[in-house]
Amino acid sequence: MKNCFLLEDLSPEEKSALLDDCTVQTHTQATEILTQGEKPPGFFIIASGSVEIAYLTEDGQRAIITHLSPGEALGEPEAVGDVPCVSSAVARPKTVTLLCPINKVKTLMKCELFVRNVLRAYVMRLHRDNQFKAIDQFQPVEQRISSYLWHLSEADNVVRISQSYLANVAGCSRQTVNKALGRLRDDGVIAIRKEEIEILNPAGLGSQFTRGS
C-alpha cells in the first residue's frame, strides 16, 4: 500500500495499526460495497482492481461518476462525517479491497495526519470531478471517449470494459464508440478484444483528447 494517499506521512507503526484493523475482501464478481443513501460500514482502500462510483438520480437514472484505482480510498468522508453515502460504489470483478470498520474510525480521527489526508483526498476528488465536468461540457464526443479511456487505463493498460459500458460512461451511442475505437485501433493506439481494450500507445491516446484544446 505504498501508493495509498490516505496513509501519507503516517509513521510505520500508524500504517501497520491501520492496516491490521482492516478486513481483506476479495470480489470475484461485481459487488456493491457502498450504497447511496446508507451509512458506510467504514471506509475502503483498493488493494487491486478498480471500483466504479455511480450516482442514482431521483427518477432512477444511473450516472457513472468515476473509477478508482489501487491505492485510492472511498467512503472515508462519510465515515468521518457520520453521514450517508452520497453515491454508490461497485467493486469490479477480481478487485481486492481493505475495509476499515466504522468502529475504528473514531480512533483514527485522533490522528491529525489521517484527518488531513482525508481532507486532501476530498479536495483531489473535487478537482477530478471538475476536470470531468469540463470534459463533458467542452470536448467533442471522440475526445471524451479518449479522455475516459485514458483515465480508466491509469492503473493498467488493459481496460476490461465493453463498448456498451464505455458508451454509457461517455454519454453517447455504442455506434459512436465503435467508430471512435476503430479509428484509434487503425492508428495503432489501442487493440480491441472481447470485453477488453488494451492501450498500446498511451502518449498517442493522450494526444487525442488534448488535440484542439
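Derivation of every value follows stated rules applied to the coordinates shown; laboratory data play no part. Since we're looking at a predicted model, the values are computed, not measured. Cβ: placed from backbone, ideal geometry, glycine included. Neighbour counts: every protein chain shown.
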Determine the relative contact order of the chain: mean sequence separation of Cα pairs under 8 Å and six or more apart, normalised by residue count, in whole percent. 20 percent
Can you spot the aspartates and glutamates whose alpha carbon is less than 16 Å from Lys39's alpha carbon? Ignore those fewer than 8 places along the same chain. Glu76, Glu78, Asp82
Using 0.36 nm times the number of residues separating Arg62 and Ser48, minus their current alpha carbon distance, what extension gain do you get? 2.6 nm
Can you compute the charge dipole magnitude of the chain about its Cα centre, using +1 on each Lys and Arg Cβ and -1 on each Asp and Glu Cβ, nothing else charged? Give it in debye, rounded to the nearest 20. 500 debye
From the helices alone, meaning DSSP H stretches of at least four residues, give me the mean residue ellipticity at 222 nm for the chain, per-run term -39500 (n - 2.57), in deg cm²/dmol to the nearest 500. -13000 deg cm²/dmol
Share of pairwise Cα separations in the chain, more than 31 Å, in percent: 24 percent
For segment 12-128, what percent of Cα pairs sit more than 20 Å apart? 40 percent
Pseudo-spin-label distance Thr23 to Asp186, built 7 Å along Cα→Cβ, given in nm, is 5.2 nm
Considering only C-alpha atoms, what is the centroid distance from segment 104-135 to segment 1-54, in Å? 13 Å
For segment 139-205, what does the equivalent ellipsoid look like in terms of its semi-axes, each the square root of 5 times an eigenvalue of the Cα gyration tensor, given largest first in whole Å? 16, 12, 12
At 0.36 nm per residue, minus the direct Cα-Cα distance, what do Tyr122 and Glu154 gain on full extension? Give it in nm, one decimal, please. 9.6 nm
Compute a Gaussian network model of the chain, connecting alpha carbons closer than 10 Å, and tell me which residue from Val51, Val105, Val123 fluctuates the most. Val123
If the chain between Glu198 and Asp9 were fully extended at 0.36 nm per residue, the gain over the current Cα-Cα distance would be 64.6 nm
Helix hunt in the chain: which complete DSSP H runs extend at least 15 Å axially by C-alpha with mean Kyte-Doolittle at least -1.0? 112-138, 141-152
